[in-house]
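One structure below.
Only the coordinates and a few stated rules stand behind these numbers; no lab work does. The structure presented is a predicted model; accordingly, all values stated were derived computationally and were not measured. For neighbour counting, all protein chains shown are included, and Cβ atoms are generated from backbone atoms with ideal geometry for every residue, glycine included.
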Amino acid sequence: MTPFKPRETLTEQVARHIENLIAFGQLRSGERIYEGAMAKQLHVSHGSIREGLLLLEKRHLVRNVPRRGCFVTDLDGFFVKSLYEVLELYLCHTGRKLARQWQPADMEKLESLYERMVACYEKQDLMAFLELGIEYTQASLTYADNYFIVSAIRDLWPSAKRCAFVAFQHSSHRVLEDNLTHMRESIEAIRNHDEERLTRILCDYADQQCAQVLASIDSRTAGNDAPH
């Protein structure tokens, strides 16, 4: 029997729409989000926008400032370093469990996702590549077996997607190749039940992507500060 899946609520649809606007740079770091304008644009009530923004505050994409309004969370060095530090801790923890306990179906799924990402790389389909990369990482959550870790990582994914897109914009070809290399190596480590090697790969990946995002932010800042 197919498990029952409730339809996404209007609040969740609104939150996902605004989440993608932020993740893909259409709403910029520090930009104010006007509820009235957004409600008119999406043809929904102010209440639906407000509820959606409350969800996004929980997911670290916006901040509500009393008597001032709602603003896109600043994507600065402190935020980026904090994000990748905690992601590294969570992913290494779940990765160890995956390396110990994986089943044949798990390996088939990881291999399939990797092959689809290679196809996206060859077509230079950045958006599809990014979504598949997130799906690939989320596959390891099956082995987290921890309510708080799963809940925390799900709230961090929107920021991780936002940061990954920033890195891709800065140096897309190199970043895509780095992602594929780390994925190929991680699959081999998982297949061999090599927890230590997988942990090193995940740490290196988190450090590398963090550095790429920071370099992109520095590049943008330098460009904005340059005389016109």
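To the nearest ten degrees, helix 10-23 and the longest principal axis of the Cα atoms of the chain are 80 degrees apart.
So, R0 is 30 Å and r is the distance between the beta-carbons of ARG63 and ASP125; what FRET efficiency does that work out to, to 0.05?
0.40
Comparing SER159, SER82, SER29 in a Gaussian network model of the chain where C-alpha atoms under 10 Å apart are linked, the largest mean-square fluctuation is found at SER82. Counting beta carbons within 10 Å around each of ARG68, ARG191 and listing the fewest first gives the order ARG68, ARG191. Extension gain, ARG7 to VAL150, is 49.4 nm, computed as 0.36 nm per intervening residue step minus the present C-alpha separation.
Computed from label points 7 Å out along Cα-Cβ, the spacing between GLU111 and GLU135 is 1.8 nm. Residue-normalised convex hull volume from the C-alpha trace of the stretch 77-225: 97 Å³ per residue.
Among CYS92, CYS70, what is the fewest-to-most ranking by other Cβ atoms within 10 Å? Numbers along the way, then the final one.
Numbers: CYS92 17, CYS70 21.
Ordered from fewest to most neighbouring Cβ atoms within 10 Å, CYS92, CYS70 come out as CYS92, CYS70.
Of GLN169, GLN208, GLN41, the residue with the greatest mean-square motion in the GNM of the chain, using alpha carbon springs below 10 Å, is GLN41.
Could you estimate the translational diffusion coefficient of the stretch 1-126 from the Stokes-Einstein equation, with Rh from the Kirkwood formula over C-alpha pairs, at 4 °C and 1.567 mPa s, in whole µm²/s? Walk me through the numbers before you get to the answer.
Values: Rh = 17.8 Å.
Answer, rounded: 73 µm²/s.
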